[in-house]
Amino acid sequence: MSKDVLRWVYLLVLSLIWGSSYILIKKGLVGLSPIQVGSFRILMTTGILLVVGHRHLRSIRREQWKWLAFTGFVGTFFPSFLFAYSETEIDSSIAAVLNGLTPVFTLVISSVVFGQPLFRRQALGVVVGFLGTILLVVQELTLSTNDGRYALLAVVAALCYGINVTTLKNRLQGVSPMGIALGNFIFICFPALLLLASTEFPWANFYTQPKITHSLGFIFILSAVGTAFAKVLFNRLLAFSSAVFTISITYLIPIVAIFWGVLDGETFGWMQAGASLLILGGIYLVTEQKKAP
């Protein structure tokens, strides 16, 4: 299979997996607190990656470990808790749409920090994307019965993902996808363990409480498929594709997430749809490839 076809296959698979992650977080919050959801997700993923990928650590050079630590916290640790907290007040589909800002943040960071040229069309996309975000957040603040301020947590998580993508592309080229994923989780598993220990999780009898066991089951699926497998797949895609193409995955993630959200009884009105279209339009302008003369 050619690399051109393979990158589209990866993009579709990742869209389906990550688009389903938001409903899994929502189900995990039924029996667990946001800190427990984020902590269990990180610890379960670390265990899975250690079993299947420990050999890949040998090829990592000493100077690359600092970037693995940085991308571990920015690209996984903070977003895991930010999305968990945001979904205590906003619908999973809204969180997914706001995550669509990742390409916009990626472009801005690539341009400001790494000197990537910024075309006029892409600058327009940044403006359109942020306009859609403002409308969506304002709608959540004024019309939703939930606390719309929690939508800002999803925006911050998207910013973290943008920083992560540009750092991986510019500082960790040549490291295997599995090595990057496992290296990230080695740094963040201990802080996650400390946070989990600070909560009142009923270790003695949690298995007798259906809400907790069901939530742990959803978080395990999220950890194994939505985090461990998807992280390796994403890093592999990033290795032979551009950063902007890679995060264009955010076109499809909201569609999958909205589908699951509606099935679960979430409402997705016209104002939300209009704001979402503005965000997706901004992503299109940002990620559209400029044709060579």
Q.
Taking only complete DSSP H runs, can you tell me which helices of the chain stretch 27 Å or more along their own long axis by Cα positions and average at least 0.5 on the Kyte-Doolittle scale?
A. 34-53, 120-142, 151-171, 177-197
Q: Could I have the simple spin-label model distance between residue 123 and residue 59, label points 7 Å from Cα toward Cβ, reported in nm to one decimal?
A: 4.1
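For an R0 of 30 angstrom, estimate the FRET efficiency from the Cβ-Cβ distance between residue 51 and residue 112 and round to the nearest 0.05. Mind showing how you got there, number by number?
Numbers: r = 39 Å, r/R0 = 1.31.
Step by step, r from the Cβ atoms, then E = 0.15.
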Q.
For segment 45-97 and segment 24-42, what is the centre-to-centre distance using only Cα atoms, to the nearest Å?
A. 15
Q: At q = 0.12, 0.13 Å⁻¹, work out log10 I(q)/I(0) for the chain with the Debye formula, treating every Cα as an identical point scatterer and leaving solvent out; two decimals please.
A: -0.75, -0.88
Q) log₁₀ I(q)/I(0) of segment 1-115 at q = 0.12, 0.13, 0.16 Å⁻¹, via Debye over equal Cα point scatterers, no solvent, to two decimals? A) -0.61, -0.72, -1.06
(Q) Treating only the Cβ of Lys, Arg, Asp and Glu as charged (+1, +1, -1, -1), what charge dipole size does segment 157-293 show about its Cα centre? Round to the nearest 20 debye. (A) 520
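Go through 26/169; 3/66; 26/66; 3/231; 27/169 and tell me which ones have a Cα-Cα distance over 22 Å in this structure. List each step's numbers first, then the result.
Details: 26/169 31 Å; 3/66 30 Å; 26/66 33 Å; 3/231 19 Å; 27/169 33 Å.
Among 26/169; 3/66; 26/66; 3/231; 27/169, the Cα-Cα distance tops 22 Å for 26/169; 3/66; 26/66; 27/169.
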**Q.** Cα pair distances in segment 143-222, grouped into 5 Å bins until the bin that holds the longest one, percent each
**A.** 3, 10, 10, 15, 18, 17, 13, 8, 4, 1
Q: Compare the Cα positions of 38, 252, 50 along the charge dipole of the chain (+1 at Cβ of Lys, Arg; -1 at Cβ of Asp, Glu; about the Cα centre) and return the one farthest towards the positive end.
A: 50
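So if each residue of separation counts as 0.36 nm, and I subtract the Cα-Cα distance between residue 12 and residue 88, what length gain in nm does that give?
Numbers: separation 76, 0.36 × 76 = 27.36 nm, distance 2.81 nm.
That pair, residue 12 and residue 88, stretches by 24.6 nm at full extension.
Full extension from residue 205 to residue 264: what is 0.36 nm times the residue separation minus their Cα-Cα distance, to one decimal in nm?
Values: separation 59, 0.36 × 59 = 21.24 nm, distance 2.90 nm.
Additional length available on full extension: 18.3 nm.
Suppose every K and R has +1 on its Cβ and every D and E has -1 on its Cβ; what is the size of the dipole of the chain about the Cα centre, in Debye to the nearest 20?
Values: 20 positive and 11 negative charges, 257 e Å.
Charge dipole, the chain, about its Cα centre: 1240 debye, nearest 20.
Every number here is computed from the coordinates shown, using simple stated rules; none is lab data. Note that this is a predicted model, so its numbers are computed, not measured. In this analysis, Cβ positions are derived from the backbone assuming ideal geometry, glycine residues included, and neighbour counts consider all displayed protein chains.
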